[in-house]
1. Given the conditions (1) under 14 Å from Leu129 (Cβ atoms); (2) surrounded by fewer than 21 Cβ atoms within 10 Å (Cβ to Cβ), report the number of the one that Asp42 does not fulfil.
2. Give me a count of the residues in the stretch 113-136 that are in a helix (DSSP H, G or I) and surrounded by fewer than 19 Cβ atoms within 10 Å (Cβ to Cβ).
3. For Ala72, which of the numbered conditions (1) at pLDDT 95 or above; (2) under 18 Å from Ala15 (Cβ atoms) fails to hold?
4. Report yes if some residue within the stretch 82-95 is modelled with pLDDT of 95 or more and open to solvent by 30 Å² or more (accessible area, probe 1.4 Å); otherwise report no.
5. May I ask you to say which residue of Thr6, Thr52 is surrounded by fewer than 16 Cβ atoms within 10 Å (Cβ to Cβ), assigned to a helix (DSSP H, G or I) and among the β-branched types (Val, Ile, Thr)?
6. Take Asp139 and tell me if it is over 12 Å from the mean Cα position of the chain (by Cα) and in contact (Cβ under 8 Å) with a residue 40 or more places away in the chain.
7. Do you know which residues across the stretch 56-71 are open to solvent by less than 50 Å² (accessible area, probe 1.4 Å) and either at negative phi or in contact (Cβ under 8 Å) with a residue 60 or more places away in the chain (or both)?
8. So the check is Cβ under 6 Å with 6+ separation or different chains; which pairs have a first residue in the stretch 74-92 that's closer than 18 Å to Arg141 by Cβ and a second one that's open to solvent by 100 Å² or more (accessible area, probe 1.4 Å)?
Amino acid sequence: MVEQDTIRLLRECDAGVKMGVASIDDVLPHVNSAKLEKLLTDCKEEHEKLNTEIQQLLDKYHDEGKNPNPIAKGMSWMKTNMKLGMEESDNTIADLMTDGCNMGVKSLNMYLNKYEAADEVSKDITKRLINLEEKLAVDIRGYL
């Protein structure tokens, strides 16, 4: 049970990290503020560091991980492009990223509760990812 929950939790973190990086990549070309760009770039780098840890653990369990749900990823991409098409501003980017962070935090907490038998290392990674998402949402409030 511990191993199954650990792998499942790591898979969800893997998908979440990939979704976060893709979302940041989608908005970065539209950012005007150098400070906002740095916040997003730094957050992306932290996601990538966590992804390295996740991949190492998944490799240990001989698991390939998980990609984000293609429908969720496509809907996110469409929402981003529609909103930026109507108003390309740092305010719009902060709004989109805040929504994404909130969804990520909600999902990751749900999986943390669902896979409660996961090992402590995987739970720690999940909590660090949650904290990263929460921090970005707070850091970009000034652009809302």
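The values are calculated or read from the model by the stated rules, or taken from the named source; none is laboratory data. Worth saying up front: this structure is predicted, and the values here are computed from it rather than measured. Cβ atoms come from the backbone with ideal geometry, glycine included; neighbour counts cover every protein chain shown. Calculation scope for accessible area: heavy atoms of the full protein, side chains included, ligands and nucleic acids excluded. Shrake-Rupley method; radii C 1.70, N 1.55, O 1.52, S 1.80 Å.
1. (1)
2. Initially, the stretch 113-136 is screened for residues in a helix (DSSP H, G or I), giving 113-114, 120-136.
Subset that is surrounded by fewer than 19 Cβ atoms within 10 Å (Cβ to Cβ): 113-114, 120-121, 123-124, 127-128, 131, 134-135.
The number of residues fulfilling the criteria is 11.
3. (1)
4. Yes, the conditions are met somewhere in the stretch 82-95.
5. Working: Thr6 fails: surrounded by fewer than 16 Cβ atoms within 10 Å (Cβ to Cβ).
After applying the criteria, what remains is Thr52.
6. Criteria met by Asp139.
7. Leu57, Leu58, Tyr61, Asp63, Pro68, listed by residue number.
8. Asp90/Asn32
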